[in-house]
Structures are given as structure tokens and as C-alpha cells.
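Here the structure comes first, spelled out in C-alpha cells, and everything after it is commentary.
The values are calculated or read from the model by the stated rules, or taken from the named source; none is laboratory data. Model, not experiment: these values are computed from the prediction. Neighbour counts are summed over all protein chains in view; Cβ atoms, including those assigned to glycine, are modelled from backbone coordinates with ideal geometry.
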Amino acid sequence: MQNAIVAAQLTEYADLLEIQGANSFRVRAYRNAARTVENLSSGLETLIAEGADLTELEGIGKDLAEKIVTLVTIGELPALTELREQVPTGVHEMLRVPGLGPKKVATLFHDLNVRTLDDLRVAAESGKVAELKGFGKKTAQSILEGLALLDQQGKRYFISAARDVAEALEHDLSQVPGTHQVAVAGSCRRRRETCGDLDLLAVADDETALMDRLAAHPLTEKVLARGETKQRVRLRNGMELDLRVVPSGSFGAAMQYFTGSKEHNIVVRRMAQQRDLKINEYGVFRDDVQIAGATEEDVYAAIGLPWIPPELRENRGEFALAESGRLPRLIERADLQGDLHMHTTATDGTASIAEMANAAKERGLKYIAITDHSKRVTMANGLDADRLLAHWQEIERISRGLTGIHVLRGIECDILEDGSLDLEDHVLAEADWVIAVLHYGLKQPRDQIMKRLLNAIRNPHVDAIGHPTGRMINHRAGADIDFDTFLKAAADHGTWLEINANPARLDLDDVHAAAARDLEIPIVIDSDAHSVNGFDVLEYGVDQARRAGLRSEDVVNTLPWPDFWERLQRRQPTG
DNA sequence: GCCGTTTTCGGCCCGACTGTTTTCAGTCG
């Protein structure tokens, strides 16, 4: 059973306990455990098989360790099954309705016997909901609106879409007279793969003017809530955005607070407590006297820490690194010297070899690999051996006419369902660069997926595995990979691994990229560009690498040209 | 349910906004 599934079941357990009115700290314990499991770099199956003591994991004690072992070995948790019998699925689903939390859901279930979302709609329309104690007409109305929006509300948006909107609003709001600062906070600033909503912070003399401007902004659809310091709106793309106006002396504290993550901030505030300090969004306080808060650096300094990059603020080890002065200097977009995964009109790209090379050069890249599809990808007009050899000749010809950029003859070679590669070894041997990928049969059982990946890793002509899981964010799960085995094999055979920068992929993810780095596996960050503008996604790949804590030296395509080429030759078999 | 260089019991992060109240509970981030 995959860690993500175990985590989901623990979260469900917490939800159901909460609806039943269980002790909130007990509920939190299940949520914390779910989080710990989700962030493990090793598979629970492997850990348990090796006899690891799960109680050594953060937030997991004797009881939860037993429950997790039961889940992984038997495949289900009797205690969860029992809870599910007491709380119908539809009641659990009601938690997704905006404005409904565990208390109101429990009241609806117990007092009105509402068991499904349909029941809920009927009850709200009939006026029964409005009659409940603690409810009212507005609550009933907001439930109906929430039901109508459920599909969109649950949606999370690609980091690319979130950044576009957030940065546009950041710019436009900063133009409002009397506005001194506007900045993006929240998960968008932490560069999560997806964002559920957006957070903007501002320092302004006239918060009314600022909120009015946001309310009237073309990107805004509706004002959902408005107070003296905070306004929440729904944007036309369906995202919700919070704008908070804070005093300038609190700006750093507010940035720290609203950047999160929640888990990171819980630790920050606990550390503050231990120093008899209190930290909230207004500042750092000792005996109700503010001692810091204008900048984030001051806030961290108050608890004895250096400033921590937002991408690392997930309570996944950043505090230990900060305390010991070992925070990494994270990779930046400008560090990338090359891009090793892209397509041309030879298959499903929209630009020629020369156009891609020139576009890459304009974006500051010094070398690229043209990696069109292999023949299995018929939909994209994939290349067979003959067409590929001709394509490589063309690449060589064009490359000779270019200055300032080196163009490698590459191929994105499919790893077929039976585990073989889509091109023969003697063809691959002629390539400068081979990136092997799974495109088809992603739903095969783990054993077969692993057989395919290990075959590719062991092939001496395969330089890297591209978008290893094949997942598409918000669309499909990736292949079922035993990452412990996969990463060890890559390390043993000197095979590199890709972080595919396409915002729908971002594959490897941050947890696995960090695990790969720990094994000293070289990482490549690639655009997978299909057009001249396709290079622009590289920044999202860099974001993902930063969340993994990667430094420039962990990413092999940060090497300048001759060094990269030499490094690649050392990787490849001689002869 | 977890956790412990003061603890095996008694804590567990903090504040804004809304709706339904008339001092506060619930939800959200």
C-alpha cells in the first residue's frame, strides 16, 4: 500500500472522529501522523519489512504505529471500517462544502438525518436547515451556494496559473495611491505544486481604497467577506484570494505568518513560547511589548534562527538545518545552463530545430538536447530508427551553423509495456543523450512497472529517466513505483533522474528529488518544451528543486558547457 | 493520541470574520 493511501485513510479517520465530536487533540494526532507518512521518502511497506520502529517517526506513538502496520499489512483498518459504519460517506463529503465544519455537519446529521449532499440540498431549500439552532437563513443560503460551487472549490490550481494571477494582482494593487508594499504569501510563495487559494499582503495608508480596487478588479468576480484588515474575494478563474492590510511594523511578521506552512508556523510559535515570546501576524512580543516584526529576518532572529527560504517551510527538517547553520543555498533559475528535453516539428513540437536552438540561446541557455519521441508514440508521429538517424544528421548540420549554443542529438525513448526499449541498442549507442520514459501502461502492477524501469536504468545507453512516475497533476496518478528500489538502482548504475518542469508534471516531486539527492544521484531539470515559449516553464522545475532543498551543485545541467559534456562522457560507457 | 534536561499528567499555536447571538461558537487560514 502506497504511503499516500495510508495518509488518506488516516486523514479520513481524523475527519470522522471530528464529526463524532472527539477530542480535538486526538484528531490532530491523526492529522499529524498522516502528514508524517505523506512526507516519508521511503515506502512504508519497505520500512515495515525491514523491521523499522515506526514510533521513532514524528508524531507517531504506539497506537498509531500499530494502526499503520495493520493498514499496510492487512490493507484495511478495522477501527476505520467501524467509524465509516457510524458516519455515512455522504456525511463525510459534507465537510467539503465551504462553511461547513465538523460541528455543523454533525448537527445536520443528528438533528435532520442529512446523509448525502442531495439530502443537504433538499433540507436547505425546504427551510429546515435555517430552523436549526446555530444556523439561520444566511447559513442555509451559503450551503446552497457552496453545493453549487463544490466542484470548483475542491480544485487546486497549477502553480503556473496561481503565480500568473497572483503576480498580476500584486502589480496592479501596488499602483493604488498610498500603497507602500504588496506581496504574495501563502502556498504560492512557497511554490507548492498546486495552490488552493491565494494570499496577498499589503501595507497601505488607505486600506479602503486598496480593497475597493481589488473588489473592482477585472480578475475579481465576487467579494466573499470584508472586514477592516481583511478581504476575501473569488476570482473569475474560480480561485479565492485573501488580501490583508497590515501595519508596516508588522509586515515581516505577517509575511512569515501568512506564508506558512501551518506546520512550519506551529513550530515557530512553539519555539517562541520556549523563549517566553509570543509570535503572531503582528509581530514578536515579550510581555505584550513588540520586539520585532518589520522584517521576516527579525522574526526568525527572535527565535535564534537565520531566515528560512519559503520553499523549505514545511516542517520537514528545515529547523534542524537552520539551527546548525546548514541551510542550503538553493538553486536559482539563472544557474541553469542547459535543457535536455524538448521536441521539434519532427514529432509533436511546433518549432524547428533552429528555432528551438535560437529560442534557448535567447533565454540564456548554452546547450540543449533535442529529444523527439520514439516510434511507440504514434499519436505524436514518433521516430523510428531511420527517421531518427536522418533527424540527427539534420541536428548536426544545423548545429554547425550556430554559435553560442551546443545542440545534442537526443531521443526521448519509450520504455515499452514489456520492459524493452522502443529503439535498439545499436541505435541508442549513436545518441549524444538518451532520456527514457514511461508513457503507456502506467496502470500496470508495481512488479511490472519496476521491471520496466530497472531494465531502462541498467541499459548503459540510457542517460536519464524522464518524468519518472508519469503523473499528471489533477488528472492522473503516476505509476506505482517502489522508490527505494528505483533510486538505489539509479544510484548504482549512474543513471540520472529528471525533474520535468512542466507545471502539470513536476515529476520527480520534491520528496523524491530530495531522496535522490541524498543518494547523490545527479538531477536534471528539463522543460519538455514543445514550442519556443516552452522554455519558460523551467522556473517551475527550479521551484520544485528548491522545495527539495537542491543546490546548484546537485543539478547537473547547471554545469557550464565543456564541463557538462565531460561529465556526460564520464557517465557513459566507453567505446 | 502524542510527548517529556522541570513533566508519565496535563498540556497541545493564534487571530479575523460571519452569523446568530446579545457574549459567542464555528469556520477558516
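Would you check if there is a residue in the range A:105-117 being touching a residue at least 60 places away in the same chain (Cβ under 8 Å) and aromatic (Phe, Trp, Tyr)?
yes
Which members of the range A:270-305 meet the condition of being of a type in the set (Val, Ile, Thr) and buried (at least 21 other Cβ atoms within 10 Å of the Cβ)?
Of everything in the range A:270-305, those that are of a type in the set (Val, Ile, Thr) and buried (at least 21 other Cβ atoms within 10 Å of the Cβ) turn out to be A:279, A:284, A:299, A:303.
Based on what the data block shows, is residue A:189 surrounded by 18 or more Cβ atoms within 10 Å (Cβ to Cβ), within 11 Å of DNA strand B (Cβ to nearest atom), basic (Lys, Arg) and in contact (Cβ under 8 Å) with a residue 40 or more places away in the chain?
no
Looking at residue A:58 and the list (1) more than 26 Å from the chain's Cα centre (by Cα); (2) loosely packed, with under 14 Cβ neighbours inside 10 Å; (3) within 14 Å of DNA strand B (Cβ to nearest atom), which single condition is not satisfied?
Unmet for residue A:58, out of (1) more than 26 Å from the chain's Cα centre (by Cα); (2) loosely packed, with under 14 Cβ neighbours inside 10 Å; (3) within 14 Å of DNA strand B (Cβ to nearest atom): (1).
Which count do you get for residues in the range A:297-334 that are in contact with a helix residue (DSSP H, G or I) (Cβ under 7 Å, 6 or more places away or on another chain) and on the phi > 0 side of the Ramachandran plot?
1
Looking at the range A:34-55 only, could you name the residues that are within 14 Å of DNA strand B (Cβ to nearest atom) and not polar (S, T, N, Q)?
The answer is A:34, A:35, A:37, A:53, A:54.
Considering A:484, A:480, which residue is touching a residue at least 24 places away in the same chain (Cβ under 8 Å) and touching a Ser or Thr at 6+ places or on another chain (Cβ under 6 Å)?
A:484
Taking the conditions exactly as written (farther than 24 Å from residue A:566 by Cβ and in contact (Cβ under 8 Å) with a residue 24 or more places away in the chain), does residue A:355 satisfy them or not?
In short, yes.
Of the conditions (1) touching a Leu at 6+ places or on another chain (Cβ under 8 Å); (2) among the charged types (D, E, K, R); (3) more than 29 Å from residue A:157 (Cβ to Cβ); (4) within 11 Å of DNA strand B (Cβ to nearest atom), residue A:286 satisfies every one except a single condition; which number is it?
Every listed condition holds for residue A:286 apart from (4).
Spot the failing condition for residue A:241; the list is (1) closer than 30 Å to residue A:216 by Cα; (2) not in a strand (DSSP E or B), and only one is missed.
(2)
Pick from the range A:511-535 the residues that are free of Cβ contacts under 8 Å to residues at least 60 places away in the same chain and of a type in the set (D, E, K, R): which of them is surrounded by the fewest Cβ atoms within 10 Å (Cβ to Cβ)?
A:520
When you scan the range A:95-111, how many residues do you find that are more than 9 Å from DNA strand B (Cβ to nearest atom) and surrounded by fewer than 19 Cβ atoms within 10 Å (Cβ to Cβ)?
Count: 2.
Any idea how many residues of the range A:372-386 are farther than 19 Å from residue A:356 by Cα and in a helix (DSSP H, G or I)?
Selection size over the range A:372-386: 4.
Looking at the range A:306-327, is at least one residue surrounded by 15 or more Cβ atoms within 10 Å (Cβ to Cβ) and closer than 30 Å to residue A:433 by Cα?
no
Can you list the helices (runs of 4 or more DSSP H) found entirely within the range A:112-202 that contain at least 1 residues being farther than 27 Å from residue A:237 by Cβ and in the same structural domain as residue A:85 (by TED's automatic domain parsing)?
The helices (runs of 4 or more DSSP H) meeting that bar are A:117-126, A:128-131, A:137-153.
Quick grid of which residues meet (1) surrounded by 19 or more Cβ atoms within 10 Å (Cβ to Cβ); (2) within 16 Å of residue A:561 (Cα to Cα):
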| residue | (1), (2) |
| --- | --- |
| A:361 | no, yes |
| A:367 | yes, yes |
| A:385 | no, no |
| A:392 | yes, no |
| A:398 | no, no |
| A:408 | yes, yes |
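Given the conditions (1) at positive phi; (2) in contact (Cβ under 8 Å) with a residue 40 or more places away in the chain, report the number of the one that residue A:470 does not fulfil.
Evaluating residue A:470 over (1) at positive phi; (2) in contact (Cβ under 8 Å) with a residue 40 or more places away in the chain leaves (2) as the failure.
Taking only pairs six or more apart or across chains, which ones have beta-carbon atoms under 7 Å, a first residue in the range A:254-277 that is assigned to a helix (DSSP H, G or I), and a second residue that is crowded, with 17+ Cβ neighbours inside 10 Å and of a type in the set (Asp, Glu)?
What qualifies is A:254/A:281; A:255/A:296; A:256/A:296; A:257/A:281; A:258/A:199; A:258/A:281; A:263/A:314; A:264/A:314.
Considering only residues of the range A:9-33 that are near DNA strand B (Cβ under 8 Å from one of its atoms) and either among the charged types (D, E, K, R) or outside the structural domain of residue A:80 (by TED's automatic domain parsing) (or both), which is surrounded by the fewest Cβ atoms within 10 Å (Cβ to Cβ)?
A:26
Please determine whether any residue of the range A:304-325 is of a type outside the set (Gly, Ala, Ser), part of a strand (DSSP E or B) and more than 10 Å from DNA strand B (Cβ to nearest atom).
no
Specify which of the listed residues (A:447, A:348) is over 30 Å from residue A:45 (Cβ atoms) and either out of contact with any Cys (no Cβ under 6 Å at 6 or more places or on another chain) or at pLDDT 95 or above (or both).
After ruling out the rest, the residue left standing is A:348.
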